[in-house]
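Scroll down for the structure; my scribbles are underneath it.
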Amino acid sequence: MEVLDIVVSAVLSIGLTYTVVACDRLGLSAEQRARGWNGATTGSALIAFAPLCIVAHFWVTRRTLRGVLLGLFWLVVLVALQLGLSALGAAIGLPWVLALVVLAPAVSTLVLPMIAAALL
């Protein structure tokens, strides 16, 4: 069960971080998209450093203090979502892994795009 916990946690972290990056890319100008990472670099950063790479993504695409602050905001949101889902799983008596698997699609498809739309 411990291996499953680690795998699901990693997949969730990468998936939520990818969702934020993908939603952000939709609102970027052509110049900002050109400055952004290509697919291989994005994938490597997500696998190796999710969710920490979110700060670097916002810096690379915006190159302003506002970009760094936006990246830090999303880092806090992603970590809070993961911790919140973990606490919810413990509160309802499910192993936190099962709570994450059940609730992650709803969070990534409903909550994150709403937050992104409000900020952008």
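Charged neighbours of R62, selected by a Cβ distance under 13 Å, balance to +3 (K, R count +1; D, E count -1). Counting Lys +1, Arg +1, Asp -1, Glu -1, what net charge surrounds A34 among other residues with beta carbon under 13 Å of its beta carbon? Surrounding charge for A34 is +4.
Laboratory data are not the source of any read-out in this text; all were calculated from the coordinates shown. Predicted model only: the values in this text are computed from it and were never measured. Cβ atoms come from the backbone with ideal geometry, glycine included; neighbour counts cover every protein chain shown.
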